[in-house]
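Structure, as structure tokens:
Only the coordinates and a few stated rules stand behind these numbers; no lab work does. Note that this is a predicted model, so its numbers are computed, not measured.
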Amino acid sequence: MGLEEIEQQEYFSIGDVKRITGVPEYSVRYWESEFNLIRPIRLESGHRRYTKADVYTILKIKDLIYKHKLTLEGAKKQLNKYQFPTEKSAKRPVADIKFLTEIKETLEDLLKE
């Protein structure tokens, strides 16, 4: 999966994120807790679904840490310069909520059959 494929999909599993970014799954989960910029959608099963924005954020964090040799704190400061939305100010787009509602309704219909 390459960068051009990011634009073709809306949501990515953690395995997809690992293949696209080259960042181990445990690092993705750790950065998720440290940076508060990566906010995957959690399915009822507990699985994470990352958005395009999440994937691009992970790529930026990877660049800052591995290429520019910044510490986690240095990467956080650098990301703040880009004025990424904070956890409190960021909202999930209405499209994400609609998508999840449609999935839920489809699954409920399948269970009824």
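After finding the eigenvalues of the alpha carbon gyration tensor for region 3-87, what semi-axes result from the square roots of 5 times each, listed largest first in whole Å? Don't jump to the answer; show the numbers that get you there.
Details: eigenvalues 85, 40, 30 Å².
After scaling each eigenvalue by five and taking roots: 21, 14, 12 Å.
Once you keep just the Cα pairs under 8 angstrom separated by 6 or more residues, what percentage relative contact order results for region 3-87?
Values: 69 pairs, mean separation 25.1, N = 85.
Normalised by residue count, the contact order of region 3-87 is 29 percent.
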